[in-house]
Amino acid sequence: MSIDLLYDLQQEIRNLFIAGSDIAVDNIKLKKLIPKFQNAGKDIPVFIRISEILESLIESDNNSSVKLLELSGLINAVLYTQGETSQIGQISGLKGYDLEVSTKVSYRSLQYVTTALLEQVPDRADIIRQAKADGIFKDYKLVYPLILALDQQNYDVYNMAYEILRDYGNSIVQVLKDCFRFDGKKGNPKILDLIWEICGKEEKDFFLLANAKGNTSVRIRAINILKNFPEMEDMLIGLTKDRKKEIRETAFEILSHIDSELAAKRLIEAFKGKDRELAKNPIKRNPSKVITKYLLEEAEKCLTIIIENYEEIKTITSESQSPFKETIEHIYNVMYCMGEKKDHEIYEFLYKCIVNTIKLRKVKLSKIFFCGYTTLAYMVVDLLLSMKTVESYALLVVLKDKFDNIFLSYSFKAAISYLPPAKVFDEYSKYLKLERTSIDRRTILDVLRNLPFNQKLIVLADNEIAPDIIKPDALRSDIIDTSTIYFDHRWASFFVENEDVYNTAKYISRNDVNAINYLLGYIEKNKGLEAIGISSIYNALIRIGYPKTIDILIESLDYSLNIANCPIAYLLRHSLGWILKMLPPESAEAIEEYSKKCDSQTTLKLLEAAEAMRKRAPIKNL
């Protein structure tokens, strides 16, 4: 008898009891079940009767509820008389663990937490967090729900489950191993991580077994753990030849951090073969001198071919059948792998490329295959910029006004981190005086407007001097720190003249009266906190320590609330919320004082914001 078929119909009947029997009329799901019951009825007569009632239920308009009740009774009767409760297999004893966790928490409380761990219920993360604070997870009955919660999609849920299980220490390891499934869901890789955090190298055999028997996700996690065992290098090299791409990719990534001759030779072998794309980034990151030597040899060969056959190569496109097309693709891949290397020998090769810029700028990479560079010459200067060494930046700086100034962007970016701020302004601000249509002018503006977010920008006041960026005794191969960049205060005047509020705020300095007055005038002209760029302006005023910032903010807030009738909730979600996060804690008192003049809802929101401000650490003005 097809018990599964009966259970399927029983589930549909339950849904109809909830939704209403009228939904059964012409129900597509029920129609699909009729042929199955008719076919099963050839051997089991009661299934024929079920299919007949099912047909009448679908076609009935008036007495569908009666037919639904009749069908439900028949299905339940068959299941109760024909269902099985036995389990095939041998009876075995229960296994015990050394978990010393027990509480007197009621079953109802435990069930409440279990539901939060395993089901999509409102505020489940808060429920788990509170249960942890109350010590409820000391009860052993929550151990298995915690392990099952590792499979949950919700980050907060599975992350808290992971932390709680880890806190059990060694006593939980055997439970984790017994619950582990080599072909299980995403929670099983997390179990491997737990065992590694708790036991470390003591469970090496278990990690080896996981790699040997696990599914792809389990193997990837096991391999990432086994990389911590130096003696596993041969095994990791062997895994780069695994039949599964994901495993090979993981193994190659691990080899990128192993500076050994064997690892280097395997990466080079893969680069020459079918796994070139998988090996490129690991080669790029691997510090081995063997790899650097190989890349330089290949690059020199390709460069020689390009220079000697320049006239033909400069005409190659994606449709061309030229034998030199592979040479260009190869030198691109080789130079891509040089991307994160700082060796002086690589600098010397790139210098040789610069000498041949007139020819390399005609090698149109973008017309041959898809990549991020229009010509090979641009790839060369980009590599010089990424090296961040004294010699590479010095070379880029002198490229200003060379080769039709095509490298001005790279030269300016290098100068910002290589030259004193005042000299940078003296050398490069002249381009801003060119006509608006000038490419050089747009280039300088693009750099100023689009500085990377991971760089800290400090604008020096008129009387301030930047620290030595390059030490007097610096070697040519020394790395330049580009995390903090300094600018001369005179840049802001250009943006004031061009009424560029964003960049005036960006490059304003503490004593720049002209720029400060421009920003204050913008606030006065564009009243309220809804104006474009208003957050940037207040950020600038706070950064330079302008003393009347909080008073101006209160005026703008008052205008937004009482004149523009803008809801406080909206302001806190947008401009006001960002501004309050930037204000120093001592400004909270002014916010609290103003809140006394507002309605109850606004007062409550502002008091909450002020309280959050007080809890923050003081902000140092730059």
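The values are calculated or read from the model by the stated rules, or taken from the named source; none is laboratory data. Everything numeric here is computed off the predicted structure, so don't read it as measured data. Virtual Cβ from ideal backbone geometry, glycine too; neighbours counted across all protein chains shown. Just the protein is used for accessible areas: all its heavy atoms, side chains included, with ligands, DNA and RNA removed. Shrake-Rupley method; radii C 1.70, N 1.55, O 1.52, S 1.80 Å.
Observations on the structure shown:
- Residue match in the range 444-463 (condition: more than 32 Å from the chain's Cα centre (by Cα) and open to solvent by 50 Å² or more (accessible area, probe 1.4 Å)): yes
- One residue alone among Lys548, Lys615, Lys597, Lys605 is among the basic types (Lys, Arg) and either modelled with pLDDT of 90 or more or within 26 Å of Val513 (Cα to Cα) (or both), and that residue is Lys548.
- Within the range 345-354, tally of residues that are open to solvent by 10 Å² or more (accessible area, probe 1.4 Å) and either under 33 Å from the mean Cα position of the chain (by Cα) or polar (S, T, N, Q) (or both): 1
For every residue, the table says whether it meets (1) farther than 22 Å from Asp259 by Cβ; (2) crowded, with 20+ Cβ neighbours inside 10 Å; (3) hydrophobic (A, V, I, L, M, F, W, C); (4) out of contact with any strand residue (DSSP E or B) (no Cβ under 8 Å at 6 or more places or on another chain).
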position: Lys293; (1), (2), (3), (4): no, no, no, yes
position: Ala299; (1), (2), (3), (4): no, yes, yes, yes
position: Asn309; (1), (2), (3), (4): yes, no, no, yes
position: Glu312; (1), (2), (3), (4): yes, no, no, yes
position: Lys325; (1), (2), (3), (4): yes, no, no, yes
position: Ile331; (1), (2), (3), (4): yes, yes, yes, yes
position: Met335; (1), (2), (3), (4): no, yes, yes, yes
position: Asn356; (1), (2), (3), (4): yes, no, no, yes
position: Ala377; (1), (2), (3), (4): yes, yes, yes, yes
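- Subset of the range 521-535 (residues that are open to solvent by 40 Å² or more (accessible area, probe 1.4 Å) and either of a type outside the set (A, V, I, L, M, F, W, C) or touching a helix residue (DSSP H, G or I) at 6+ places or on another chain (Cβ under 7 Å) (or both)): Tyr522, Glu524, Lys525, Asn526, Lys527, Glu530
- Qualifying residue in the range 240-261 (condition: over 30 Å from Glu197 (Cα atoms) and outside the structural domain of Tyr351 (by the TED database)): yes
- Selection from the range 431-484 of residues that are in a loop (DSSP other than H, G, I, E, B), over 25 Å from Tyr347 (Cα atoms) and of a type in the set (D, E, K, R): Glu435, Arg436, Asp462, Glu464
- Residue check for Ala610: open to solvent by less than 30 Å² (accessible area, probe 1.4 Å) and either outside any helix (DSSP H, G or I) or on the phi < 0 side of the Ramachandran plot (or both): yes
- The helices (runs of 4 or more DSSP H) found entirely in the range 104-189 that carry 1 or more residues being open to solvent by 20 Å² or more (accessible area, probe 1.4 Å), among the aromatic types (Phe, Trp, Tyr) and touching a Gly at 6+ places or on another chain (Cβ under 9 Å) are 155-167.
- Members of the range 489-511 that are outside any helix (DSSP H, G or I) and open to solvent by 20 Å² or more (accessible area, probe 1.4 Å): His489, Arg490, Asn498, Glu499, Asp500, Arg510, Asn511
- Among the helices (runs of 4 or more DSSP H) confined to the range 310-369, the ones with at least 1 residues that are more than 13 Å from Leu383 (Cβ to Cβ) and in contact with a Cys (Cβ under 9 Å, 6 or more places away or on another chain) are located at 325-337.
- When restricted to residues that are open to solvent by 10 Å² or more (accessible area, probe 1.4 Å), more than 23 Å from the chain's Cα centre (by Cα), over 20 Å from Lys342 (Cβ atoms) and touching a residue at least 12 places away in the same chain (Cβ under 8 Å), the range 269-291 contains 2.
- Test for Ala515: is it touching a helix residue (DSSP H, G or I) at 6+ places or on another chain (Cβ under 9 Å), at pLDDT 95 or above and not in a loop (DSSP other than H, G, I, E, B): yes
- Every condition in (1) assigned to a helix (DSSP H, G or I); (2) open to solvent by 20 Å² or more (accessible area, probe 1.4 Å); (3) farther than 30 Å from Ala125 by Cα holds for Asp242 except the one numbered (1).
- Single condition Thr317 does not satisfy, out of (1) under 17 Å from Leu396 (Cβ atoms); (2) touching a residue at least 40 places away in the same chain (Cβ under 8 Å); (3) open to solvent by 10 Å² or more (accessible area, probe 1.4 Å); (4) of a type in the set (Ser, Thr, Tyr): (1)
- The range 391-430, residues that are outside any helix (DSSP H, G or I) and surrounded by 16 or more Cβ atoms within 10 Å (Cβ to Cβ): Leu399, Lys400, Ile406, Phe407, Leu419, Pro420
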